[in-house]
Amino acid sequence: MDAPTTTSADNGTSGGGGGWFTPRNKPEPGSEPGSAEAPGPAEVRRPAAIRPVGRPTPPPQPPADSTAPPPGPTSPAPAASSGPLPTALTPPPFASAVAPPAPTVAPPAASRVPAQRPAPAPSQGRAASAPAASQGRAASAPAASPDAVLVRRAMAEVTPVADKVTSYFYALLFVRHPDLRSLFPAAMDTQRDRLLRALLTAAEHIDNTDVLVDYLQNLGRGHRKYGTRPEHYPAVGECLIGALSKYAAGVWNEEMEAAWVRTYTTISQIMIDAAAADELRSPAWWYAEVVTHELRTPDIAVVTVRPDQPYPFLAGQYTSVETPWWPRIWRHYSFASAPRSDGLLSFHVKAVPAGWVSNALVHRARPGDIIRLGPPAGSMTVDHTTDSGLLCVGGGTGIAPIKALVEDVAEHGERRPVEVFYGARTDHDLYDIDTMLRLQQTHPWLSVRAIIDQQAHQQLPDAVRAYGPWNEYDAYLSGPPGMIRSGVDALRDSGIPSDRIRHDSVEELVSAGN
């Protein structure tokens, strides 16, 4: 699945004579990209104080108890890799490259598509109760903390001029700290809205400790592959607050600035701590050799690679990928199988317009090519401590992690019911239906339904809702961000509580670029 992602640093390791095509052993401490002699984690965990541009440093204030989420524990493996730059500084995906046309592949035969069962009539009671449930959730939401109120007030002020805020931020950063320019791709056009998206994500979850900490720890681990270091954070904070203070001047004051300083300090420290802990147990990135490349349709390929070191991950997770053709550009792809005894990893990649990495992987990659992988990330994994049924919804190449989840359940010898909805626009887009039907034949507890827009005359989330209720199931969604958003609403309407609906962070999917 073409999922979340970011981009990497060019610190002598990504193309340009860096020699990263030669597989290497796990780097010794201090030898990772961007660190001449990197100090030990204990020496670099604390960033310097933030000095807002053009403003005196505000007196230190202790964060409010309800504001600063502590760097609490999260699941170790599922995280995008680490490093000191927040999402706002994640090197962005490049604009676009037109790849050579691929050979035409015949679409799957219509006879292989499961019969389209008519969906049962939706329950009126369920539909009528949805608004009431939403109102109940809103009424029970806790009041925002003082810092959250101030942060969101600033965000509301700058949102209409997001482009100007972002441009000014990068101008400050690169003029005042030109050494950081090498952490980003040469072209910055696709980076322009990343900052605002990252800020909106943090602002949305500023009072949700569990969500915010997990999100930031994933980012912290994920940024290690960019060569970023803890000492980069103060520069980012200064320029970020400098840009906000300029374009939110109508509401900006010392109190708001202090709230942003506290918020940014908390955000950066969580990321730094996660990166330091991850550095003790994992490399910043892995080399991987392409061993097979199967073109399923003219624009979808199944790519299987062999990493140069053991690569621990869980079914349902994803990783970031960098190709030798576009250094410093990373994209996220879900693992298309559960962990295998031979250590191989497979990805389903769809070449998308303006997708440099996806087009390279689909149309240029061949066996023998070397790519780089970031650490595993994502929490869309199976809870094997329960016997609840699994409702799995995959749209397009989003079927890849769903297939991995089915294999994971099978390998654990469980007999819990698993219902899979495989969504596609046409028969042609059901590129992996044969695999899913073979799994259904092998496992009697598995049911696979193909929902084809042109035949069913309804969107995938609507079809899932119609087949409900699913209140006894744990739900898993994988696909485009829009499908995930509408799918979550449909599943809630079907009676599934929000805490039993799992999917990769929509904000991360969007801010990372597909």
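The values are calculated or read from the model by the stated rules, or taken from the named source; none is laboratory data. Here the structure is a predicted model, which means the values were calculated and not measured. Reconstructed Cβ throughout: ideal geometry from the backbone, glycine too, with neighbour counts over all protein chains shown. Note: accessible area is taken over every heavy atom of the protein model, side chains too, but ligands, DNA and RNA are not part of it. Shrake-Rupley method; radii C 1.70, N 1.55, O 1.52, S 1.80 Å.
Would you pick out the residues in the range 475-485 that are surrounded by fewer than 17 Cβ atoms within 10 Å (Cβ to Cβ) and touching a helix residue (DSSP H, G or I) at 6+ places or on another chain (Cβ under 7 Å)?
Result: R485, single match.
Is there a residue being at pLDDT below 90 and among the basic types (K, R) anywhere in the range 212-223?
Yes, the range 212-223 contains a residue that is at pLDDT below 90 and among the basic types (K, R).
Picking from D342, D308, which residue would you name as being without any contact (Cβ under 8 Å) to a residue 40 or more places away in the chain, open to solvent by 10 Å² or more (accessible area, probe 1.4 Å) and of a type in the set (D, E)?
That would be D342, the only listed residue that is without any contact (Cβ under 8 Å) to a residue 40 or more places away in the chain, open to solvent by 10 Å² or more (accessible area, probe 1.4 Å) and of a type in the set (D, E).
One residue is enough: does the range 409-421 have a residue meeting the conditions assigned to a helix (DSSP H, G or I) and open to solvent by less than 40 Å² (accessible area, probe 1.4 Å)?
yes
Look through G398, G394 and report the one residue that is surrounded by 24 or more Cβ atoms within 10 Å (Cβ to Cβ), on the phi < 0 side of the Ramachandran plot and part of a strand (DSSP E or B).
Matching residue, one of G398, G394: G394.
From the list D474, D432, D504, pick out the single residue that is out of contact with any Cys (no Cβ under 9 Å at 6 or more places or on another chain) and modelled with pLDDT under 85.
D504
Given the structure, is R366 of a type in the set (D, E, K, R) and touching a residue at least 24 places away in the same chain (Cβ under 8 Å)?
The answer is yes for R366.
Of the numbered conditions (1) open to solvent by 50 Å² or more (accessible area, probe 1.4 Å); (2) under 23 Å from A351 (Cα atoms), E472 fails exactly one; give the number of that condition.
(2)
What number of residues within the range 307-330 satisfy the criterion of being of a type in the set (D, E, K, R) and under 29 Å from A410 (Cα atoms)?
1
Looking at the range 222-229, can you tell me whether even one residue there is assigned to a helix (DSSP H, G or I), over 30 Å from A143 (Cα atoms) and either open to solvent by 10 Å² or more (accessible area, probe 1.4 Å) or free of Cβ contacts under 8 Å to residues at least 60 places away in the same chain (or both)?
Yes - at least one qualifying residue is present in the range 222-229.
For T201, state whether it is open to solvent by 20 Å² or more (accessible area, probe 1.4 Å), among the polar types (S, T, N, Q), in contact (Cβ under 8 Å) with a residue 24 or more places away in the chain and in a helix (DSSP H, G or I).
No, not satisfied.
Could you figure out which of (1) assigned to a loop (DSSP other than H, G, I, E, B); (2) open to solvent by less than 20 Å² (accessible area, probe 1.4 Å) isn't true of P367?
(2)
Any idea how many residues of the range 240-272 are over 19 Å from L216 (Cβ atoms), part of a helix (DSSP H, G or I) and aromatic (F, W, Y)?
1
Where residues in the range 145-198 are outside any helix (DSSP H, G or I) and over 19 Å from V261 (Cβ atoms), which of them is modelled with the highest pLDDT?
Looking at residues that are outside any helix (DSSP H, G or I) and over 19 Å from V261 (Cβ atoms), I get F184.
In this structure, does R328 turn out to be surrounded by 19 or more Cβ atoms within 10 Å (Cβ to Cβ) and in contact with an Asp or Glu (Cβ under 9 Å, 6 or more places away or on another chain)?
yes
Residues of the range 366-380 being within 10 Å of Y318 (Cβ to Cβ) and among the hydrophobic types (A, V, I, L, M, F, W, C), which ones?
A377, M380, listed by residue number.
If I filter the range 431-446 for residues that are in a loop (DSSP other than H, G, I, E, B), surrounded by fewer than 20 Cβ atoms within 10 Å (Cβ to Cβ) and in contact (Cβ under 8 Å) with a residue 40 or more places away in the chain, do I get at least one hit?
No, the range 431-446 contains no residue that is in a loop (DSSP other than H, G, I, E, B), surrounded by fewer than 20 Cβ atoms within 10 Å (Cβ to Cβ) and in contact (Cβ under 8 Å) with a residue 40 or more places away in the chain.
Being at pLDDT 90 or above and open to solvent by 10 Å² or more (accessible area, probe 1.4 Å) narrows it down to one of V251, V290, so name that one.
Answer to the selection: V251.
Which residue, of T386, T381, is polar (S, T, N, Q), open to solvent by less than 30 Å² (accessible area, probe 1.4 Å) and part of a loop (DSSP other than H, G, I, E, B)?
Testing whether each residue is polar (S, T, N, Q), open to solvent by less than 30 Å² (accessible area, probe 1.4 Å) and part of a loop (DSSP other than H, G, I, E, B) leaves just T381.
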